[in-house]
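The block underneath contains the structure these notes are about, expressed in structure tokens.
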Amino acid sequence: MLLGELSRNTESGFYQWLKNHEVNFEEAKDHDLFVVAHKLSKENFVLIVTSKSLLKNVPKENQSGIGFLAVDTTHKLISCQFKFSTLITATINKEMADIAYIIHSNEDSSTFTYAFKEIKKALKEYLKLEWKVNVNIISSLSYNFF
């Protein structure tokens, strides 16, 4: 339903949808999805959603050493040609853990850099966590996060 609404909406309709679906972090339940950040332009569309429980996966990773980040993108899942990506980390026990989800039009380094930086800001704002990750995109195919 979300994607159908987004693909039919105008720019003003999208911003109205955001306003109507705004979630206060303090009042959200652990598994309630909320919008962390968004970008809407002629060049790109990005919608980043997460939940309290997904954000809490980040402190479970090994903050003192080399960590693991990944982006898994599914193509042709969404009929309106958007891509769906999962931002993933690994816990200290080497288990994969989702951090957030992205619906986006472009699959490029600027989209993923934007997403990771917004998650880093959200962790600081909502969980008071300074995520020890340095988001540096080397090229569109090679990502160096630590």
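Would you pick out the residues in the range 118-146 that are charged (D, E, K, R) and either modelled with pLDDT under 75 or touching a strand residue (DSSP E or B) at 6+ places or on another chain (Cβ under 9 Å) (or both)?
GLU118, LYS121, LYS132 - these are the residues of the range 118-146 that are charged (D, E, K, R) and either modelled with pLDDT under 75 or touching a strand residue (DSSP E or B) at 6+ places or on another chain (Cβ under 9 Å) (or both).
Given the conditions (1) under 19 Å from THR50 (Cβ atoms); (2) exposed (fewer than 13 other Cβ atoms within 10 Å of the Cβ), and given that HIS75 satisfies all but one, which numbered condition is not satisfied?
(1)
Could you check the range 85-104 and list, in sequence order, the residues that are of a type in the set (Gly, Ala, Ser) and over 12 Å from ILE119 (Cα atoms)?
Of everything in the range 85-104, those that are of a type in the set (Gly, Ala, Ser) and over 12 Å from ILE119 (Cα atoms) turn out to be SER85, ALA90, ALA97.
Is it the case that HIS31 is modelled with pLDDT of 80 or more and touching a Leu at 6+ places or on another chain (Cβ under 8 Å)?
no
Just name the residue that is surrounded by the fewest Cβ atoms within 10 Å (Cβ to Cβ) out of those in the range 40-58 that are out of contact with any Asp or Glu (no Cβ under 6 Å at 6 or more places or on another chain) and within 14 Å of LEU129 (Cα to Cα).
LYS56
Looking at the range 14-31 only, could you name the residues that are of a type outside the set (A, V, I, L, M, F, W, C), surrounded by 12 or more Cβ atoms within 10 Å (Cβ to Cβ) and not in a loop (DSSP other than H, G, I, E, B)?
TYR15, GLN16
The values are calculated or read from the model by the stated rules, or taken from the named source; none is laboratory data. Small disclaimer: the values here were computed from a predicted structure and weren't measured. Ideal geometry is used to build each Cβ from the backbone, glycine not excepted, and the neighbour counts take in all protein chains shown.
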